[in-house]
Every structure is written in structure tokens, then in C-alpha cells.
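The structure under discussion appears below in the form of C-alpha cells.
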Amino acid sequence: MTLDAWLTLAVVLAVLATLVRGRVSPAVTVFAGAVAVMILGVVPAEDAFSGFSNAAPITVAALYVLAAGIEKTGALTPVMQSTLGEDGAYRRPLVRTLAPTMAASAFLNNTPIVAMLVPQVTAWANRRRLAVSKILMPVSFAAVLGGLLTVIGTSTNLVVSGQMSTLGLEPIGFFEIGKVGLPIALVGFVALVALAPVLLPDRRSARAEMEQEGRRFSFEMIVEPGGPVDGRTVEQARLRDLSGLFLASVDRGDTIIAPVRPETVLRGGNRLHFVGPIDRVVNLQEMRGLRSAEMEHVLDLDEPSVRYYEAVVGSRSPLVGRTLKDVGFRATYQAAVLAIHRSGQLVESRLGTERIRLGDTLILVSDPDFRDRWRDRADFLLVAGLDGHPPSRASRSWIPVGLLAAVVVLAATGLVPILHGSLVAAIVLVASKVLSPLEARRAIDVEVIVVIASAFGLAAAMEASGLADVVAQGLVGLFGDYAPYGVLLGLVLATVVLTELVTNNAAALLMLPVAVSTAASAGLDPRGAAIAVAVAASASFLSPIGYQTNMMVYGPGGYRFTDYARLGWILTLVTVVATVVLVPTLWPAPA
């Protein structure tokens, strides 16, 4: 290998290692990689930052705005609210829910679709005393499968399409990726409906599981000085035998009493650490002589009433790795954390000093506008009211729906490029005041845009330095005896693994130059190899961290990390086999 190839390999490995560790923001990591290959002289500045002028990230940003308009107006709410029905245990509701989810995800960012369905599915399952875990994960997987149907189905498809033009290939046609994606989606749909009720564990929503299976939250109450509890023992205050609620410790400030005995005397200002079902969090608010450790803040809110929310912490949240006290949670978010629960494990320490982890579920109390303030921010992947009902909006929903239909039709017929149509649609949404400029700006996931644009620089370095050719030659040497299927299998598997470890967009852009270089010597059409990478990078089913919607349902579904592989390996196998079999047939190598 050349010196430039070695330098590029070192940078790429450093970027991948940093992304896998998850200590640094993906946007910062990938951008630093692009800067590094420029400083090292592997590629000039115009190539290192070519992604910032590429159509792909701009198109993705515009589509984020369009999806936000549809979410805000509640255009899909009537359809989604009527999906589950009341007949059948799991399979009939799954059919009615997964089909529209998959169809909508083919044209929209799937994050708002899943965000809309999580509270609805949770309330439905609680009402019927069914395990929500058997539905929420399939909803996320259906959204992923729907993204394989069109070029705008996922940002990854658009990214690959945008990079293909720099590699001398025509961009992906609107429905072209669906030649492979549709068979995968259909088989995946059948697999989800048939196998999800059998393979997925019987876990329930945060609320139902805590009540019925002992899943517990940790929260604190304070003894009011001079109140009816001050000076009484735990038994006299009737804090024993609370139907599943457990007083774990009493913090007197200078000492902590644990375990707590019935004869322990409670004093004004003592912090009582409770463990138990979330419904008791609300009930204890009504007990005279006790107040929430956070109630002082709640009383300061401008709104005269409060609501309870379930918020899921994602990988891009500034909360990860920090305590509530570090971030000044109450002042920053105008909300109070009443409880923390993480993947079946009880939070033992005081809430204010507990470091928040990826996937934590926070039970919050705030004003009725909390969700509107934070739903489009990176701080939380999902904000849902504990009443289980998504907010209903029906104002001027025809505008974003009409714009989306126009973008799809014009792009599919080739009359107007996707970039032009999506940008005009985004501008019209703001001009018509469906979205305010601030709402439009918040709708754009800047982290994703920076990752996409920066990864173009790393891909350019791999191509220019010859590293892509070296890796391609290694793949051909390893699987050459089984070409083209063996080589394509190697490409697809490498992309799948990389997608589960790092962001799917970065995985696609790093594998794309390798795929195109490999195709020339492996009897593959470069276009088919590129589309295979797009499909493999878009299909993430093995872990909650591989795809954003998977993480969104992680806490509300009560899942554990290993639950995803129970069903995900089947969908991954379907994706790999279908891609390897269909791509050489649909895009035969040039004679």
C-alpha cells in the first residue's frame, strides 16, 4: 500500500474505534476524520468537504422538514389511530399496524411515525393486558423495512445515491432500490406477523410491567417539616404494605438508614427513597406530609397544571454520561425527574447523582407543553405522555400531504429532481406557516447531516489513496473462487456488521468505494454492488443502537439488549440472502 493508503487506514480505524466506544459525538468524530485526511494531504480540502455541497445531505435536511410538517399537523394520526382494532390478540393487530407503518416509512422519515405509534400501541396493550414488547419492536422493524422501498425511504439510500454520482454512476432511481427492497419487505412482513408473538419475550410497557410483573422505578419523597409525617415512625405513617411500593432508605443528610425498619422515626427534611410501580409515584403526591423531591420546581412552573411524561434518552443526548445535577435538569428542561429505570435494572443511588445512560427511561413531571418543546431535540429520542394518547392535530394537514405527494410523483416520473422538489416543499411549509422557521430548523437532525457530509470526505480519501482498491483486492482474494455471489456476500456482511457498530450512513459511505472497486474484478455490476451496500446499511435489526427507531422502543417496550437478536437475526438473514441472490440477477455484470 502507498503511504496515503496507510494514513487513510489509520484515520478510518481511529474513527471507527471512536464511534464504537460512543464517548464522542458521531458528528464530531467523522468530521475530525475528514479534517485529518485533509491535513495529512491525502485529499485536498474541496474533496475532504465535498459532502457539504453534495445534494444528499441537503435533500435529507429538506425531507426532515417535510416530515415535521406531517407530524405537526397530525396528517397520519387518523390512519394510525385506527390500525390496531380490538379483535385478535397479536397477529391481526400486527397486520393492521405494520402495513401502514411500512408504507408510510417508504416516503417519510420513520422517526415521527414510530414516535406517533409508541404511546398508541402502549395504551392499546395496557388496555387489553397484552405484552407491548410483542408489538413495539415489530413496529420499529417495519419502519426499517419500509425504508428499503424507495430512494427517500432512508437517509442512507439518499447518501449512497449522492455518492454514486461522484464515482461515475447514475444516482439511484426513485423506486429502483425497491427491486431488492420490496421482496425483503414482503418476506420480512410475513416473518414479523408470524414469529414476533412467538419469539419476542413477554415484556410490558413501563407502566403495565411494573404493576403486573414487578418492574420497578426508583424515586424520592421529602418529609414536610411540621407535617403529619414528621416525628412519626414508618409504621405510624402507613408507609409499610403499600401494594408493591418499598421504602428502600431514609436519607437524613448526615446519615442514610438502610434497610428501613418499621420503628424508624421520620423527621422533617428526610429524603425517602422509594422503589415501586409508577402509578404509586402519582399516588404518593397526594399523601399529606410528603412531597416529591422535585416538587419545589413543579410548583414554580408557569402552567397551572402538570402532566407526566415518559422520555427515552438517545445516543446524541447531552444527558448521557452526566448526572441530573450536572446538567441542571430542572432549570434546563423545566421538568422534574420522578423516576429512572434502565433495562430491568433498578437505579440504586440518589436520582440527582446518578449518571444517565443510553436508553434510560425517565419519568418526568412538567407542564402540558413539555413535549412540544423537546420532541424535535436530540435530548430525547421519544417524549410520550403517560396517558398513552398522542397529541391530536388536524390543522391544515392537506398542505404537507399534498407537498409530499407532489415530491414523490415528480421525482418518480423524473420531471423534477428530489433535491429541487424537497427544498421547494420545505420552503412552502414555512411560507404557509404550517411550520415556523424555528420549528423547521429544529426538525433538521444536524448531527446526521454533519455525519453524512463528513463521511463523504473519508470515502473520497479511501478512493484517492487506493485503500478501497486494496480492500477490494482482499475481498476478491478471499471470496474470488465463489464470485460473484461469494464476493457480494462478503460486502454485504461487512456492511451489516459495520452498520451495527457505527452509524448506518457512515457505514454505507465507507463501504461504497470498496464495493465499486470490488465489482470491476469480481464479475459484478458496480451499480448493483452500490445498491447492495445501501440495502445492507439501511437494514439494522440486531441491536437497539444500530437504528434510531430501535432505540426509541427500547425503554417503552421494556426490552433488554439481547432481545433484538431474537427476531432480528431472521430479518438480517432474509436481507443478506435476498440481496446476494437478487442483485447479480437484477444488475448483471457488463459483458
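Each value in this text was obtained by applying a stated rule to the coordinates, not by laboratory testing. Keep in mind that what you see is a predicted model, and the values were worked out from it rather than measured. Backbone-built Cβ (ideal geometry, glycine too); neighbour counts: all protein chains shown.
For L382, the residues 5 or more places off, or on other chains, whose built amide H falls under 5 Å of its own are V312.
A Förster distance of 30 Å, applied to the separation of the beta-carbon atoms of L13 and A45, puts the FRET efficiency at 0.85. Taking 7 Å steps out from each Cα toward its Cβ at S432 and R261 produces label points 7.1 nm apart.
Suppose R0 equals 56 Å; then what is the FRET efficiency for Y482 and R560 from their Cβ-Cβ distance, rounded to the nearest 0.05? After rounding, the FRET efficiency stands at 0.90. Residues of the stretch 553-579 falling in the label zone of A89, defined by backbone nitrogen less than 19 Å from a point 7 Å along Cα to beta-carbon, are 567.
So if R0 is 22 Å, what FRET efficiency would R441 and A103 give, r being the distance between their Cβ atoms, rounded to the nearest 0.05?
Values: r = 29 Å, r/R0 = 1.30.
The formula returns an efficiency of 0.15 here.
Here the spin labels are modelled as points 7 Å beyond Cα on the Cα-Cβ line, and at V401 and F175 they lie 2.2 nm apart.
Using a simple spin-label model with pseudo-atoms 7 Å out from Cα toward Cβ, R238 and A589 lie 8.0 nm apart.
The ranking of T18, T59, T353 by Cβ neighbour count inside 10 Å, starting from the fewest, reads T353, T18, T59.
May I ask you to sort T562, T575 by Cβ crowding, counting other Cβ atoms within 10 Å and putting the fewest first? If you can, show how the numbers build up before the last one.
Numbers: T562 10, T575 27.
Listing T562, T575 from fewest to most nearby Cβ atoms yields T562, T575.
The stretch 523-542 and the stretch 124-143 have Cα centres lying 30 Å from one another.
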